[in-house]
Amino acid sequence: MKENLYKILTPEEWNNSKSSGLITTELDQIDGFIHLSNASQLSATLALYFSEYEEVILLLPELKHFRDKLIYEAVGATSKRSGKFGHLYAELKVGDISKSWVLNRSAFEIPQDILLEAETGNSPS
């Protein structure tokens, strides 16, 4: 089963990424990998790390060319979260994005196809 992974950026980070061609954040640079969330992890990621933003950009990278550089790793011992998260140890380019959404603060409404993916555990066709 192919699991979709998503990248969340602030509008400023997205504009910077479009200018440079590379998707990165300060946290990604500090940690040495690109942080990704699956559909079931998105709501908590938004609530924990993006609560002060009125809108964010949700990206769906096409990861098929990066499978060997994608590692699922457990969160640190001091984290409130549990489970394993996708960490991409490669450059992610704007051209690698297959779909994007602007999520507004109105509860950061997740697109319906992603909600369904979270509910069923399967990627939509």
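Per residue, the accessible area of region 1-88 comes to 56 Å², computed with a 1.4 Å probe over protein heavy atoms only.
Set the Förster radius R0 to 25 Å, insert the Cβ-Cβ distance between E52 and N16 as r into 1/(1 + (r/R0)^6), and round the FRET efficiency to 0.05. Could the numbers behind the result be given before it?
On the way: r = 18 Å, r/R0 = 0.73.
The computed FRET efficiency comes out at 0.85.
Under the simplified labelling scheme, the Y72-E3 pair shows an inter-label distance of 0.3 nm, with each label point 7 Å from Cα along Cα→Cβ.
The values are calculated or read from the model by the stated rules, or taken from the named source; none is laboratory data. From a predicted model like this one, the values you see are computed outputs, not experimental measurements. Ideal geometry is used to build each Cβ from the backbone, glycine not excepted, and the neighbour counts take in all protein chains shown. Surface accessibility is based on the protein's heavy atoms, side chains included, excluding ligands, DNA and RNA. Shrake-Rupley method; radii C 1.70, N 1.55, O 1.52, S 1.80 Å.
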